[in-house]
Every structure is written in C-alpha cells, then in structure tokens.
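Bear in mind that the values in this text are calculations on the coordinates, not laboratory data. On a predicted model such as this, the values are computed, not experimentally measured, just so you know. Please note: Cβ atoms are built from the backbone with ideal geometry, for glycine as well, and neighbour counts cover all protein chains shown.
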Amino acid sequence: MRVFVTGATGYVGSAVVRELLDHDYSVIGLARSDASAETLKDAGAEAHHGNLEDLESLRAGAVRADAVIHLGFNHDFSKFAENCAHDAEVVRAIGNELAGSDRLFLATSGTAILTAGAGSKETDLAPTGDGVNPRVATEHAVGEMAQKGVKISAVRLAPSVHGAGDRGFVRMLADIATHRGEGAYIDEGQNRWCAVHRLDAARLYRLALERNEGGVHYHGVAEEGVPFKDIAEALGHSLDLPVSSKTGDDAQAYFDWFHFMAALDCPASGGWTREALNWTPTEPSLIADIDAGLYRPADERGGNG
C-alpha cells in the first residue's frame, strides 16, 4: 500500500514514516525542500515535492496514493487562527481528490479543542460558536468531507507529544523557564495536560490505517491528565531551576503568549482508541522523559534530542 504523508519530516511525521516503512508500507512523503527530500530518500521513502501552501501539490500527492495521513501544520503561533483556517483548506483539497473512493484519509487534530476540564472522549464532537479554539476548523472540514463521501477519520493528539527531539509545548515551556531563570505554574497548578510519547503516537497512526474505518475520532492519549504543576516541577528539577506559582498579571507576564496553554485543563480519555486499535502505549511517560534530561539544553545532554 502506498501512503501519502504530509509533515513527513516533522517531529511526529518522521516517526510515522519510520513506523510505516518498518511494516512494509510504501511511503510518499511531502517534501518542501531538497534537504527534506534527501531525508525521506535516506529513510527509504519517496519524496513528493510540494508544500502546504501549494494545494495542487497536495492533490497530486493524494492522487498517487492508496491512503493519506495528514500531519503537516504551520506552527507559527503568531498567526495561529490563520494557520488553522488554512489547515481546513488543506483537508478539503486532499479530501476532494479522495471523494467517492475507498481510500482512507487520516487527518490530525488535537484533544485540546474539546471542552476544557471535561475528561473528553472520542465520541465528543468539535464545538462551534464564538470563543472556541481555532483548531476546530480542521475537524469541521473533516465533517464536510465525510458528507462528500470521503472515508475520513481524525486522530486527536494530546498537547504533549513528547520524547527525544520534542519541539512542541513542553520544549517551549522548558525554554521559557530557562529564559526566565525559574519555572512556574498558574495558581495551584492542578490543570491537566494529557500526553503521549511520539513513538506510541506513530504506532497509533499505523493501527488506524490498518483498521481502515472512516467517520471516527481516535485519541492519541497515553496519560489522561498530568497536573501542570508536576510538569513544571519536573522541568525545574531537570533544569536546576526554582519553581513557583504565578497568579494574575504575574502569570501573564511570565508566560506571555503561552499563557493560554499553561492554563489549559484538557484531560482526555483514550480508552475507546486502545480497545478499537488494540493499542497499548509502551514508551516512557512525560515525567520520565523530563527526568531523563530530554528537555535540558543541548550542550547538557550531548546534543541528543
């Protein structure tokens, strides 16, 4: 089976590509540069030149594949809403090429779009209305494509997809603490993040591909709710920095634009996903990865991860 993967050289995407290749899939990876193309070729995948802004390149990649996994996303948070809206257009562009066929399309979303503090489940639908997370645009587009006859499902990843080489939210939190000279959490720090290891997430995508079902949501969640205070304190210990509670304006000043993530309470269940896919996460926990030093500065961890 040939699988077209966007974001194929990214943090999660490269792990998914490796997982697919190790299980005898042929992979066509989206490459936006010659360097990315060489990385894919070295891994054993085929490079398809294009980028997320070039919708025609995405349609051309989808045409050549038996299934599509969409992992690419522009993580420039200075224009987050704009990037979310564009991701919906990407889903529509690829979906329109797959409509009427039996080819599976796995799009990527996040558990953080769901109702805060509710212990979200896979059957929960993306909210609508004012004040919702702009990332809901992706799942609204997924619903539109399903109505057009696309065999499409969404994988909702936890806010923390952790492990060696993490460039996501925990890395950002470590960088803020290093820059400020101290770690912090908001109020009592009992808001929770769910988490999943990068390699467990990659296996989930492969299992979802093999289940070959449209119209469902999978939760990439190994730990349903890790208190933010625990994350901050583990980072403080690893970075040898003090950690304290911040409130009000002090919290806003400390976290700046990251405040909305630091305050997020988004526990989520992955129970149905585990049962449906026979998926059992086996990699280290988020706190174990922090304790192992994966979020220390590169010169303190030998440049590894």
Compactness of the range 80-196 - radius of gyration and Dmax, Cα, Å: 16.8, 55
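Say R0 is 45 Å: what FRET efficiency, to the nearest 0.05, do residue 240 and residue 96 get from their beta-carbon distance? Present the calculation step by step, with values, prior to reporting the outcome.
Numbers: r = 52 Å, r/R0 = 1.16.
Efficiency, rounded to the nearest 0.05: 0.30.
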Built amide H within the under 5 Å cut-off of residue 246, gap 5+: 185, 186, 187
P(r) of the range 149-305 over all Cα-Cα pairs, binned every 5 Å from zero, in whole percent: 2, 10, 18, 20, 17, 13, 9, 6, 4, 1, 0
Residue 298-residue 210 pseudo-label distance in nm [points 7 Å out on the Cα-to-Cβ vector]: 3.6 nm
Paramagnetic reach from residue 89 in the range 3-22 [backbone N under 12 Å; point 7 Å along Cα→Cβ]: none
Whole-number percent relative contact order across the chain, with pairs defined as alpha carbons under 8 Å at least 6 apart: 18 percent
Cα-based helix-to-principal-axis angle, 169-180 vs the chain, degrees rounded to 10: 30 degrees
Long-range HN-HN contacts of residue 48 with modeled amide H, under 5 Å: 29, 30, 31
Additional length obtainable on full extension of the chain from residue 63 to residue 80, 0.36 nm per residue less Cα span: 3.2 nm
Degrees, to the nearest 10: 11-22 long Cα axis against longest axis of the chain: 50 degrees
Overall Cα dimensions of the range 101-170, principal axis frame, Å, largest first: 39, 32, 19
Ranked list, fewest to most other Cβ atoms within 10 Å of each Cβ, for 266, 84, 194: 84, 266, 194
Translational diffusion of the chain, µm² s⁻¹ [Kirkwood Rh, Cα pairs; Stokes-Einstein; 20 °C; 1.002 mPa s]: 109 µm²/s
Cβ charges +1 (Lys, Arg) and -1 (Asp, Glu), total dipole of the chain, debye: 660 debye
Nonlocal amide H pairs with residue 108, under 5 Å, H built at 1.01 Å: 70, 155
Rg to Rh quotient for the range 191-249, alpha carbon positions, Kirkwood Rh: 1.18
Residues 140, 219 arranged by fewest to most Cβ contacts within 10 Å: 140, 219
Average silhouette area of the range 1-127, convex hull of alpha-carbon atoms, in square nanometres: 8.8 nm²
Per-residue Cβ neighbour rank within 10 angstrom, fewest leading, 25, 205: 25, 205
Acute angle (nearest 10 degrees) that the helix 228-239 long axis makes with the longest principal axis of the chain, alpha-carbon atoms: 80 degrees
